[in-house]
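Read-outs: derived from the displayed coordinates by stated rules, not from any lab. Since the model is a prediction, treat every value here as computed from it, not as a measurement. A quick note on method: Cβ atoms are made from the backbone with ideal geometry, for glycine too, and the neighbour counts reach across all protein chains shown.
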Amino acid sequence: MCNSGAPRARSSAVRAGGLLWVLSLGGAALALALTAYALHAQLAGASLWGALVAPAPGNLHQFVVHESALPRLAMTLVCGAALALAGTVAQQVLRNPLAEPMTLGIFPGAYLALAVATIWAPAWLASGRELIALAGGALAMLLVFALAWRQRLASLAVILAGMIVSLYCASLSLALAISNFRLLVGLMIWGGGALDGQGWHACIALFARLCVAGAGVFVLRRPLALFEAGDGTARGLGVSLTRTRFAALGIAVALTACVVSAVGVIGFIGLAAPTLARLAGARRFGERLVWAPVFGALLLWLTDAAVQAIAATGLFGAQLIPTGAVTSLFGAPMLIWLLRHLKSRPDLRGQEEGASVTFRRARPWRSIAWLAFATALASLASLTLGRGLNGWRIASFAQIEALAFWHVPHLAAALAAGIMLGLAGTLIQRMTGNPVASPDLIGVSAGGALGLVAAVFAFDAPGPLQLFAACLAGSIATLALLLWFGRRAMYAPERLLLIGVAIGALFQAVSGTVTASGSPRAALVLNLVVGSTYYVQPLTSAIAAGVALFGLVFAPMFARSLELLSLGDGTSRSLGMRVGYARLIVLLLASLLTATSTLLIGPLSFVGLMAPHLARALGLGRAREQLLASAAIGALLMVLADWLGRLVLFPNELAAGLMAALIGGPYLLWTLLRSPARSA
């Protein structure tokens, strides 16, 4: 029997090796065919061999192919291999199959650093672009590790911290882009992952850095391979875990920074390539070090070849299609598909326990009344206190009445959005029994925003009804996807958060593609994304107020159902609840509230996560109390965000949704930092 096992193992290894070769050769053949089609269109009948070897004097087509198309192909292969190597090392060190430059916050941090340097230190970009990107990516990743350190870098802790850091960096970048649009328009187009226009010099420089990083990984290959046996075993065999981990992650950050400084953001190659290599049979770390860069180069080559082939057909006219955004369009569905192969490990139980209510208010309704009173005071301050050409001023009653046609719809929209997000966040958290679930983090808002983008391009002049219907459809589809995937794992945090990562990345890819394409509809998409109440019409604010009032009336009616749903399916059914029916009703109500709020303030504000947490921190833990308190807290936060947004950059205005995200990001970081440490 022992002898028969060895031939089976050898045959399995042979089949795995054959599959690796079949996939690589098949992908290369398809990419080569698409590249040949694009080159044929560019040559316009000129000799390909002449373009490859020595362009004929005066032949512009051959010169363009030799000096632009071929360096682009070489840069594509080098970038794909570099990102795949970075993802392989990060996954091995963290023992997390979903770790890569995008999920670890390296890409958004590097991009934010370049945006800051473009505005305030443009001279540094001439000679220190890579160092700036390296510093930004390293700081972002160190912040992720600092947030997840008390949880011993558990899988979910790293993912959650990476998601929050990424979203916050993206919010800061968006705020800078709005306030300095002319300075950053080139960076936004380039940041979509443009592989063209680099030349041979940039390609050779990046290839040299890839070789140096590869040599460093080769030196660390043996201690890195021991990480698969666990930290205890690796430490027992004499491996310095801290030094090895930081050395390997330093290489991953350096590779990512070099790619970002050269071509911009290219997402999900670092996730897809190691995963494909593992699924194709490269089980050992040494094998993945070889095959993952091969698959990364092929994946990016195939994607870029498809982009060039589509561009050659003239389907999108003269509009630019950034390759980096297209990789995210492919990578997000792949991430969702990979969830079916991921074992659920809810690593943050300690944090969930820490998020529970440690005391209860003796008089909860008095606390809710005080919150409502604070919201009324903030609303009054928003109407009366502001800045003018002569400095700070307090408006008189006559001035308030004269400007009521403009201020009141804005204030009503902010109040309604805060109420709806507070209610929706509580509904989703209670429905799943997961305190980190919210419309912002699990992708419901991003799904609604995808519906908005679809409506902008589907209708010539989309009205409020078309936008609302499309946003509602996107939110419902996202929540349905969450329920479908989460049901198998009892709605464990990993499943919900990872779907949020995928949908959020998909939305960022779509919006990035629209922004970089130069389409005239990009301005409308940007206004919808940032969530400014400046353009809210009285009719829209009235409809939003009606939906918020509807939620305030009907959401407390599900208080008992929500308390039972948070206990799990088994307990709920044993107490006589029709779990599927109750979850469907809660799902539809949360989708309605989320879609309407997204239409007002965009897909990202963090209010849906902050409000329920603050309500629990105040001792309001029963479902009905938490719903009403979250609505009041959400309204207070949004009114403050809308008010501060008009004051911070006066005479310019910072969108309320974006201002709420900038306020909420530090709160989320503080919440993670103070979460209870996870026991060994």
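Put in order of Cβ neighbour count within 10 Å, fewest first, the listed residues 625, 67, 130 become 67, 130, 625. Counting neighbouring Cβ atoms within 10 Å and putting the fewest first, the residues 407, 40 line up as 40, 407. Amide H contacts for residue 386 (H built 1.01 Å from N in the peptide plane; partners 5 or more residues away or on another chain; cut-off under 5 Å): 393, 395.
Arranged by the count of other C-beta atoms within 10 angstrom, fewest first, what order do 304, 231 take? Please report the intermediate quantities before stating the final value.
Working: 304 30, 231 16.
Going from least to most buried by this count: 231, 304.
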